[in-house]
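So the structure is just underneath, and the comments pick up after that.
The values are calculated or read from the model by the stated rules, or taken from the named source; none is laboratory data. Note that this is a predicted model, so its numbers are computed, not measured. Every residue, glycine as well, gets a Cβ built from its backbone with ideal geometry; the counts of neighbours run over all protein chains shown.
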């Protein structure tokens, strides 16, 4: 897929060489001879990738990278460095640079780096499109007082850099709340990186979070960038944080206190800039009393606590959500939308929904698949969803 690429180098011959190479490969190219001009250009143009020289007149490449972080430009940046600049280039990588190209520049290496970035962006766009279609990132539907309070809490939390702890039962939409906070924050242009602490095996979670160096352990054949580094200039969402092992909790606490990490097997501290949002379905204060969660980590994470209400406490929101899911699923399947009559809605309202919004959506999807008629009746609900209370 064609990218919009910004080449920043003070040498005209390098700008011309890279510009010609990238244009021949089908990409759109912008060029700049200084860091100041490059930053001004980023305010006016959408850029997918930056090739940035370390040695520039005036503002250095490292300073440009720092300014980009401060202005929350989460753009993959490949540094161009002479051999003598290797130490500076390593610093740039620690500050979030995507990779490093050494001079003399090898055209095939440039095209390979561009190909990697294009593939990553394509995957991200496919993910976003899929989420739009099936509604994983959905809308915050509901008019119940508890939902109005939740929206207000999100609006208050979003502009802040404070850490947020989201609590609530399974299926209530805690990740949706975390995404809403991210989208409304100053970090919205940066990545939103989700980590399911319960789904990652205990022996792998440190490598996943902090990354590892080549040779750090058996099977570590190459360097791995951890999820915390991947969230640089964005938001790290630690889901099911209550399931994290105590040993990992201690290391996470130290990382959050110092705003720097060591990759597994590494010796060089790496600075990072992320906002941390966590979520759990557990009562962490009870977990602290039971000795399963660190109180010092809890106080670090729960600066702004937000509770997501269960569906059974949201009254007529159940009917609103059901109609919303009927339209959404019909669109995803390419079908005409269906509607629920009053008796069918009453059955849905009478159910306690222990699986909350997730259970409701799955039930509506099953109802859509099993029913041909456009008006869904109580009998349709009973036949398709015999487990519902009515």
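Where helices (runs of 4 or more DSSP H) fall wholly inside region 125-239, no range has 3 or more residues that are at pLDDT 90 or above and not assigned by TED's automatic domain parsing to the domain that holds residue 302.
Here the condition is being free of Cβ contacts under 8 Å to residues at least 60 places away in the same chain and more than 18 Å from the chain's Cα centre (by Cα); of 221, 172, it holds for 221 alone.
Looking only at region 32-46, count how many residues are outside any helix (DSSP H, G or I), surrounded by 15 or more Cβ atoms within 10 Å (Cβ to Cβ) and within 30 Å of the chain's Cα centre (by Cα). So the count comes out to 0. Flag set for residue 6, criterion: assigned to a strand (DSSP E or B) and either in the same structural domain as residue 224 (by TED's automatic domain parsing) or within 27 Å of residue 185 (Cβ to Cβ) (or both).
Residue 226 fulfils the conditions (1) out of contact with any helix residue (DSSP H, G or I) (no Cβ under 9 Å at 6 or more places or on another chain); (2) surrounded by 21 or more Cβ atoms within 10 Å (Cβ to Cβ); (3) without any contact (Cβ under 8 Å) to a residue 40 or more places away in the chain except for a single criterion, (1). Quick check on region 91-105. Is at least one of its residues touching a helix residue (DSSP H, G or I) at 6+ places or on another chain (Cβ under 9 Å) and modelled with pLDDT of 90 or more? Scanning region 91-105, I find at least one residue that is touching a helix residue (DSSP H, G or I) at 6+ places or on another chain (Cβ under 9 Å) and modelled with pLDDT of 90 or more, so the answer is yes. Only one of the numbered conditions (1) over 21 Å from residue 225 (Cα atoms); (2) over 22 Å from the mean Cα position of the chain (by Cα); (3) in contact (Cβ under 8 Å) with a residue 12 or more places away in the chain is not met by residue 281, and that is (2). For region 275-293, the condition of being part of a helix (DSSP H, G or I) and either crowded, with 19+ Cβ neighbours inside 10 Å or outside the structural domain of residue 166 (by TED's automatic domain parsing) (or both) holds for at least one residue. So which of 347, 329, 369 ends up being out of contact with any strand residue (DSSP E or B) (no Cβ under 6 Å at 6 or more places or on another chain), farther than 22 Å from residue 143 by Cβ and not assigned by TED's automatic domain parsing to the domain that holds residue 167? 369 is the lone residue from the list that is out of contact with any strand residue (DSSP E or B) (no Cβ under 6 Å at 6 or more places or on another chain), farther than 22 Å from residue 143 by Cβ and not assigned by TED's automatic domain parsing to the domain that holds residue 167.
Condition check ((1) loosely packed, with under 13 Cβ neighbours inside 10 Å; (2) under 20 Å from residue 172 (Cβ atoms); (3) in contact (Cβ under 8 Å) with a residue 12 or more places away in the chain) across all residues:
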position: 308; (1), (2), (3): no, yes, yes
position: 314; (1), (2), (3): no, yes, yes
position: 339; (1), (2), (3): no, no, yes
position: 350; (1), (2), (3): yes, yes, yes
position: 356; (1), (2), (3): no, yes, yes
position: 362; (1), (2), (3): no, yes, no
position: 365; (1), (2), (3): no, yes, yes
position: 371; (1), (2), (3): no, no, yes
position: 382; (1), (2), (3): no, no, yes
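Here region 294-313 is the region considered, the condition is being out of contact with any strand residue (DSSP E or B) (no Cβ under 9 Å at 6 or more places or on another chain) and either assigned to a helix (DSSP H, G or I) or at pLDDT below 95 (or both), and the residue that is farthest from residue 160 (Cα to Cα) is 312.
Evaluate region 88-102: report whether one residue or more is assigned to a loop (DSSP other than H, G, I, E, B) and either outside the structural domain of residue 12 (by TED's automatic domain parsing) or out of contact with any strand residue (DSSP E or B) (no Cβ under 9 Å at 6 or more places or on another chain) (or both). Checked against the condition, which is being assigned to a loop (DSSP other than H, G, I, E, B) and either outside the structural domain of residue 12 (by TED's automatic domain parsing) or out of contact with any strand residue (DSSP E or B) (no Cβ under 9 Å at 6 or more places or on another chain) (or both), region 88-102 yields no hits at all. In region 177-190, the residue that is nearest to residue 45 (Cα to Cα) out of those that are buried (at least 18 other Cβ atoms within 10 Å of the Cβ) and out of contact with any helix residue (DSSP H, G or I) (no Cβ under 6 Å at 6 or more places or on another chain) is 190.
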